[in-house]
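Working notes for the structure below.
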Amino acid sequence: MTSPQPSASTRPTAPRARRAPSDAPIGRIPALDVQPVAEAGRFPARSTVGEVFPVRATVFREGHDAYGAEVVLVRPDGTEASRVRMHEVGVGLDRYEGWVAADATGDWTFRVESWSDPWATWRHDAGIKIPAALDAELMCVEGGALLERAAGRRGLDPPDSEARAVLRDAADALVDPAVPPADRFAALLAGPVPSVMDRYPVRDRRTLSPDYPLQVDRPLALTGAWYEMFPRSAGAHVDPATGRWVSGTLRTAAEELPRIAQMGFDVVYLTPVHPIGTTFRKGRNNTLEAEPGDPGSPYAIGSPDGGHDAIEPSLGTFEDFDAFVARARELGLEVALDLALQCSPDHPWVTTHPQWFAHRADGTIAYAENPPKKYQDIYPLYFDADPKGLRTEIRRVIDLWIDHGVTLFRVDNPHTKPLPFWQRLLADLRADHPDVLFLSEAFTRPAMMLTLARCGFHQSYTYFTWRNTKAELEEYLATVGGDQGAWMRPSFWPTTHDILTPYMQHGGVGAFAVRAVLAAMGAPTWGIYSGYELAENVARPGFDEQIDNEKYEYRPRDWAAGDRLGLASLLGRLNQIRRAHPALHHLRNVRVHGTDNDYLVCFSRHLAPEHSPGGVRDVVVTVVNIDPWHTQEGWIHLDLPALGLPTDRALTVVDELTGEKHEWWNDNFVRLAPESSCAHVMTVRVP
């Protein structure tokens, strides 16, 4: 990563007409295959305030003269924010890279500017000819003329009188006949001139790429910790007089907020709080017949009490919801709400807008299916009969909840709705509510997941939940931290209310600890489903989901048991580490390191001083024993140069999970026991 250089201009510039890349001339020194760009700029690249990300391009020219390239980052008002010099990353392949970061939200642009570099050309040629006494005096004269030209440019911006003086003095010294040419050249390179020319390069024959769009969101779009809860379970109890369940409420759910905030979470995510239908209501464990008192699935939205714009009466009122949001904000939590665009047969829309549902040949509405799963209590929406009317109503519903303080939405099954619907809706919402964020729950094929992100979703659930082996985890960390990170921001969840993988079912408390470390350190955004602290790992027979699933019944919990297991304290410590280390707030800085044991996974996140608050290098190395049953040991092999760390002396590292200090080199031996410590989370201190 390289440090941004002073902008060539802080004055607003007239917007240049956007040219389609296919219409633009190739230019004298072309910059081709610029990334991150999707569909020639049809979908803007995505970033967040302060996030460091790479821009890459293939840059080359005719002949043998030197050339250079810069990434130019342009603010929404048209002013240049920074210019960053690009450096070759594919030696011999003409592939160049520069790392940049935006400092405010909005619709930015970036481009690549390439140019002929007469200083680098002269320096290369002079370095050969002058020592060999070939045209040495002529080379000095030409170099002096070049430095005089460099000193007289308007391009020194801001005006730098000191730099001009350095260049003019060097020009005079370079043509001084009293000093041998070789000595003049050596003195030039040993002085300040090279750094001045690096800061203010002479750019001949500039070639500009097209301007490419960049959408910059607030930091929570990339970095945060989510905690999911069913508010009806908080405070739920059996009435001793009747033997019937009494639902928890939004008021009793608010009593759990201090516990959630104490563990360091940023977002409390509520499953749907709307009225629940009674027609085909599901019973416990997804049975087809509900018993008296069974609350039904909150995803079967709608009853005579209202639809998506109403609150289930047993939970309370909008006044209670507002109180929940206010208490969350007092504790530093934002509130996310599940947006499930589907209806129970009792939803008001079924009668007021029958065109919003697909009807079968016999006139009935088809319920939702995802074979072999069947959702007899849910009608899917049909988007083709009245797309404008449906979109307008959904927008009204979202606006209502935003007015009541919701700042994030977890969207249920967005991949079952048309992509143009999401693209239009999310663009309109961003125009009016740029700080409201949307998490895509799309466990589907990669193309759909990525395109949903490109259409406007700020975050995405991922396949992390099913990646368990060393090879799978290493490959997936590199994938989500690679090129697709320009659009799809991953959210790592070890479990959800729908998913309990075999690894979690059979790995005991150790599995919950392992997956928490991998999720919290492996992605800038992670989340847990309530009950994770209790290692709830019993599955419904034949299914990869919990038995007595909270989707279909009340589930109050004894949180003191979580304290005894130690998982709650682990979650809190992981969130503390995340907040303390800015390297963990970035996505595209992950690096996988080698290990000689198939149960040890090692990866790091690194932030160079020029991109880190306070100008201090931040390096976090995570080593995890992914075997939840047995102690594993072996060697890890760190790529220290890639982290900007020295290799000629021992490094002091601190295990942020235990506070212990160690001396580490490139190769280090570790021993991790799941019953005591399944991982090291090492931070590096460089003297």
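The values are calculated or read from the model by the stated rules, or taken from the named source; none is laboratory data. Just so we're clear, the structure is a prediction, and the values are computed from it rather than from any experiment. Using ideal geometry, Cβ is built from the backbone for each residue, glycine included, and neighbour counts are taken over all protein chains shown. Surface areas here come from the heavy atoms of the whole protein model, side chains and all, with no ligands, DNA or RNA. Shrake-Rupley method; radii C 1.70, N 1.55, O 1.52, S 1.80 Å.
Open to solvent by less than 20 Å² (accessible area, probe 1.4 Å), more than 21 Å from Gln632 (Cβ to Cβ) and not acidic (Asp, Glu): which single residue out of Leu565, Leu607, Leu600 fits that description? Write out each step before concluding.
Working: Leu565 fails: open to solvent by less than 20 Å² (accessible area, probe 1.4 Å); Leu600 fails: more than 21 Å from Gln632 (Cβ to Cβ).
Result of the check over Leu565, Leu607, Leu600: Leu607.
Does Leu657 fit the bill of being within 30 Å of Glu536 (Cα to Cα), open to solvent by 10 Å² or more (accessible area, probe 1.4 Å) and in a helix (DSSP H, G or I)? Walk me through it before giving the result.
On the way: within 30 Å of Glu536 (Cα to Cα): yes; open to solvent by 10 Å² or more (accessible area, probe 1.4 Å): yes; in a helix (DSSP H, G or I): no.
Judged against the criteria, Leu657 is not a match.
Looking only at residues in region 632-653 that are part of a strand (DSSP E or B) and aliphatic (A, V, I, L, M), which one is farthest from Val601 (Cα to Cα)? It would help to see each step written out before you state the result.
Initial filter on region 632-653 (part of a strand (DSSP E or B)): 632-637, 651-653.
Add one more test, that the residue is aliphatic (A, V, I, L, M), and what stays is 636, 651, 653.
Numbers: Ile636: 9, Leu651: 20, Val653: 18 Å.
Checked region 632-653; the qualifying residue farthest from Val601 (Cα to Cα) is Leu651.
What pairs can you find where one residue is in region 49-63 and without any contact (Cβ under 8 Å) to a residue 60 or more places away in the chain, the other is outside any loop (DSSP other than H, G, I, E, B) and open to solvent by 40 Å² or more (accessible area, probe 1.4 Å), and their Cβ atoms are less than 6 Å apart, with a gap of 6+ or different chains?
What qualifies is Arg56/Gln35; Thr58/Leu32; Thr58/Asp33; Thr58/Arg95; Arg61/Tyr67.
Scan Leu208, Leu214, Leu222 and give me the residue that is under 33 Å from the mean Cα position of the chain (by Cα), closer than 30 Å to Leu32 by Cβ and open to solvent by 40 Å² or more (accessible area, probe 1.4 Å). First the steps, then the outcome.
Numbers: Leu214 fails: open to solvent by 40 Å² or more (accessible area, probe 1.4 Å); Leu222 fails: open to solvent by 40 Å² or more (accessible area, probe 1.4 Å).
Only one candidate passes the filter, namely Leu208.
Can you tell me which residue among Arg467, Arg396, Arg410 is open to solvent by 50 Å² or more (accessible area, probe 1.4 Å) and within 30 Å of Met504 (Cα to Cα)? Break it down stepwise before answering.
On the way: Arg396 fails: within 30 Å of Met504 (Cα to Cα); Arg410 fails: open to solvent by 50 Å² or more (accessible area, probe 1.4 Å).
Only one candidate passes the filter, namely Arg467.
Name, by its number, the condition in (1) in contact with a helix residue (DSSP H, G or I) (Cβ under 7 Å, 6 or more places away or on another chain); (2) touching a residue at least 12 places away in the same chain (Cβ under 8 Å); (3) over 27 Å from Val406 (Cβ atoms) that does not hold for Arg467.
The one condition Arg467 does not meet is (2).
Can you name the residue in region 291-327 that is among the charged types (D, E, K, R) and either part of a loop (DSSP other than H, G, I, E, B) or out of contact with any helix residue (DSSP H, G or I) (no Cβ under 7 Å at 6 or more places or on another chain) (or both) and, of all such residues, is farthest from Arg396 (Cα to Cα)? Quick ask: steps written out before the conclusion?
At the first step, the residues of region 291-327 found to be among the charged types (D, E, K, R) are 291, 294, 305, 309, 312, 319-320, 322, 327.
From the residues that got through so far, the ones that are either part of a loop (DSSP other than H, G, I, E, B) or out of contact with any helix residue (DSSP H, G or I) (no Cβ under 7 Å at 6 or more places or on another chain) (or both) too are 291, 294, 305, 309, 312, 319, 322.
Numbers: Glu291: 35, Asp294: 31, Asp305: 18, Asp309: 9, Glu312: 19, Glu319: 19, Asp322: 18 Å.
That would be Glu291.
I'd like to know if region 483-497 contains one or more residues that are open to solvent by 30 Å² or more (accessible area, probe 1.4 Å), of a type in the set (Asp, Glu) and more than 26 Å from Val49 (Cβ to Cβ).
The answer is no, given that none of the residues of region 483-497 is open to solvent by 30 Å² or more (accessible area, probe 1.4 Å), of a type in the set (Asp, Glu) and more than 26 Å from Val49 (Cβ to Cβ).
Going by the structure shown, is Thr622 among the hydroxyl-bearing types (Ser, Thr, Tyr), modelled with pLDDT of 95 or more and closer than 14 Å to Cys602 by Cα?
Working: among the hydroxyl-bearing types (Ser, Thr, Tyr): yes; modelled with pLDDT of 95 or more: yes; closer than 14 Å to Cys602 by Cα: yes.
When the stated conditions are applied, Thr622 passes them.
Could you go through region 159-175 and let me know if any residue there is assigned to a helix (DSSP H, G or I), in contact with a Cys (Cβ under 7 Å, 6 or more places away or on another chain) and over 21 Å from His64 (Cβ atoms). Let's see the steps before the verdict.
Restricting attention to region 159-175, the residues satisfying the condition of being assigned to a helix (DSSP H, G or I) are 161-174.
Cutting the leftovers down to in contact with a Cys (Cβ under 7 Å, 6 or more places away or on another chain) gives us 174.
Subsequent filtering for residues that are over 21 Å from His64 (Cβ atoms) retains 174.
Yes, region 159-175 has at least one match.
Could you look through region 498-511, keep only residues that are aliphatic (A, V, I, L, M) and surrounded by fewer than 20 Cβ atoms within 10 Å (Cβ to Cβ), and pick out the one that is nearest to Asn413 (Cα to Cα)? Show your work before the answer.
Start the filter on region 498-511 by keeping residues that are aliphatic (A, V, I, L, M), which leaves 499-500, 504, 509, 511.
Okay, now just the ones that are also surrounded by fewer than 20 Cβ atoms within 10 Å (Cβ to Cβ), so 499, 509.
On the way: Ile499: 14, Val509: 30 Å.
Top of the filtered list is Ile499.
Which condition does Val592 not pass, out of (1) over 16 Å from His680 (Cβ atoms); (2) within 22 Å of the chain's Cα centre (by Cα), if it passes all the others?
Result: Val592 fails condition (1) only.
Provide a single number: the residues in region 323-339 that are farther than 27 Å from Ser440 by Cβ and in contact (Cβ under 8 Å) with a residue 12 or more places away in the chain. I'd like the intermediate steps shown before the answer.
If we filter region 323-339 for residues that are farther than 27 Å from Ser440 by Cβ, which is where we start, we get 323, 326-327, 330.
Narrowing further to those that are in contact (Cβ under 8 Å) with a residue 12 or more places away in the chain: 323, 326-327.
Total meeting the criteria: 3.
Does Gly542 meet the test of being open to solvent by 10 Å² or more (accessible area, probe 1.4 Å) and farther than 22 Å from Trp629 by Cβ? Step through it out loud before you land on a result.
On the way: open to solvent by 10 Å² or more (accessible area, probe 1.4 Å): yes; farther than 22 Å from Trp629 by Cβ: yes.
Considered against the rule, which asks whether it is open to solvent by 10 Å² or more (accessible area, probe 1.4 Å) and farther than 22 Å from Trp629 by Cβ, Gly542 comes out as yes.
I'd like to know if region 431-454 contains one or more residues that are more than 17 Å from the chain's Cα centre (by Cα) and crowded, with 19+ Cβ neighbours inside 10 Å.
no
Across region 180-198, which residue is least open to solvent (accessible area, probe 1.4 Å) among those that are over 13 Å from Ile130 (Cα atoms) and outside any helix (DSSP H, G or I)?
Among those residues, the one meeting the criterion is Gly191.
Just to be sure I understand, how many residues within region 222-267 are charged (D, E, K, R), within 25 Å of Trp493 (Cβ to Cβ) and touching a residue at least 24 places away in the same chain (Cβ under 8 Å)?
So in region 222-267, the residues charged (D, E, K, R) come out as 228, 232, 239, 244, 251, 255-256, 259, 266.
Adding the requirement that they be within 25 Å of Trp493 (Cβ to Cβ) leaves 228, 232, 255-256, 259, 266.
Next, from what is left, pick out any that are touching a residue at least 24 places away in the same chain (Cβ under 8 Å): 228, 232, 256, 259, 266.
Within region 222-267, residues that are charged (D, E, K, R), within 25 Å of Trp493 (Cβ to Cβ) and touching a residue at least 24 places away in the same chain (Cβ under 8 Å) number 5.
Would you pick out the residues in region 121-148 that are in a loop (DSSP other than H, G, I, E, B), open to solvent by 40 Å² or more (accessible area, probe 1.4 Å) and of a type outside the set (D, E, K, R)? Steps first, answer last, please.
Step one: of region 121-148, the residues in a loop (DSSP other than H, G, I, E, B) are 130-135.
If we keep only those that are open to solvent by 40 Å² or more (accessible area, probe 1.4 Å) too, we end up with 131-135.
Answer for region 121-148, where residues must be in a loop (DSSP other than H, G, I, E, B), open to solvent by 40 Å² or more (accessible area, probe 1.4 Å) and of a type outside the set (D, E, K, R): Pro131, Ala132, Ala133, Leu134.
Looking at region 667-687 only, could you name the residues that are modelled with pLDDT of 95 or more and either in contact with a helix residue (DSSP H, G or I) (Cβ under 8 Å, 6 or more places away or on another chain) or open to solvent by less than 60 Å² (accessible area, probe 1.4 Å) (or both)? Let's see the steps before the verdict.
Going residue by residue through region 667-687, those that are modelled with pLDDT of 95 or more are 667-672, 678-683.
Asn668, Val670, Leu672, Cys678, Ala679, His680, Val681, Met682, Thr683 - these are the residues of region 667-687 that are modelled with pLDDT of 95 or more and either in contact with a helix residue (DSSP H, G or I) (Cβ under 8 Å, 6 or more places away or on another chain) or open to solvent by less than 60 Å² (accessible area, probe 1.4 Å) (or both).
From the residues in region 358-388 that are open to solvent by 40 Å² or more (accessible area, probe 1.4 Å) and among the polar types (S, T, N, Q), which one is modelled with the highest pLDDT? Please lay out each step first, then the result.
Filtering region 358-388 for residues open to solvent by 40 Å² or more (accessible area, probe 1.4 Å) gives 358-364, 367, 369-375, 380, 382, 384-388.
Keeping just the survivors that are among the polar types (S, T, N, Q) gives 364, 370.
Numbers: Thr364: 89, Asn370: 80.
Of everything passing the filter in region 358-388, Thr364 is modelled with the highest pLDDT.
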